[in-house]
Amino acid sequence: QLENVILFETHHESLKLSYSPSSNIVHEIMVLYNYLLAKYFKDMGLPYMYRHMHLPSDDFITKQFNLINNLDAKFHNQKKIMRMLTENYTRAEYTAEPLIHQGHKTVYSHSSSPLRRYADAYCQYLIYDLIFRENLDDLNIAKWEYKTKELAKEINKRKKENEDFARHYNYLVKKKILKK
């Protein structure tokens, strides 16, 4: 149940103005929209493209932090170490299963930016067909379940290929083999 209340906690991430207040409000609404759609489809038992993020355990991060901290004095910047750990040990992927997105501690989707990501556009197709058209026969749902699983695999594969290419390209630019 949603309440029309704003809680002002001084440590809440949304109160740290990275852009303008209106930009932060739009960001918060998009996050809420992505959460609500994922929750709705999960609760209704309908196929959907979820965003899943797996974070390493606190114990693992502590061990890695201590290992890095003991290596060299230049790593003593805690923010730098935490950023490095999250960049190297978090795995975000798309899935047809309503797995918990550990960054949000609940189910989550990418649905609010269909012009930027194909996964969002795909979710819009699901919303249109399953909610607005109410095309809920078993054959149609089975079709969407299959398509969603296959598309999640393909998007994750392409994401990994893009990351590998970017890593290789940046390495070559750094070694001055390629020019930007």
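Readers should treat all values here as calculations from the given coordinates under stated rules, not as data from a laboratory. The model shown is predicted, which means the values in this text are computed figures rather than measured ones. Methodologically, a virtual Cβ is constructed for each residue, glycine included, from the backbone with ideal geometry; neighbour enumeration extends over all protein chains shown.
Pairs exceeding 29 Å between alpha-carbon atoms, taken from Lys42/Lys160; Lys105/Lys175; Lys149/Lys179; Lys153/Lys175; Lys39/Lys160; Lys39/Lys147: Lys105/Lys175; Lys149/Lys179; Lys153/Lys175. Each residue of region 131-136 is assigned a 3J(HN,Hα), and the resulting list reads 9, 6, 7, 6, 7, 10 Hz, derived from the Karplus form 6.51 cos²θ - 1.76 cosθ + 1.60 (θ = phi - 60°), x at Gly and Pro. Each residue, Glu134 and Met44, gets one label point 7 Å from its Cα in the Cβ direction; the gap between the two is 1.1 nm. Stretching Glu28 away from Arg116 to a fully extended chain increases their span by 29.9 nm, per 0.36 nm per residue minus the current alpha-carbon distance.
Taking region 29-51 and a reference point 7 angstrom along Cα→Cβ of Glu145, the backbone N atoms nearer than 13 Å belong to 45-48. Dipole size of region 136-180 about its Cα centre, with +1 on Lys/Arg Cβ and -1 on Asp/Glu Cβ: approximately 760 debye, rounded to the nearest 20.
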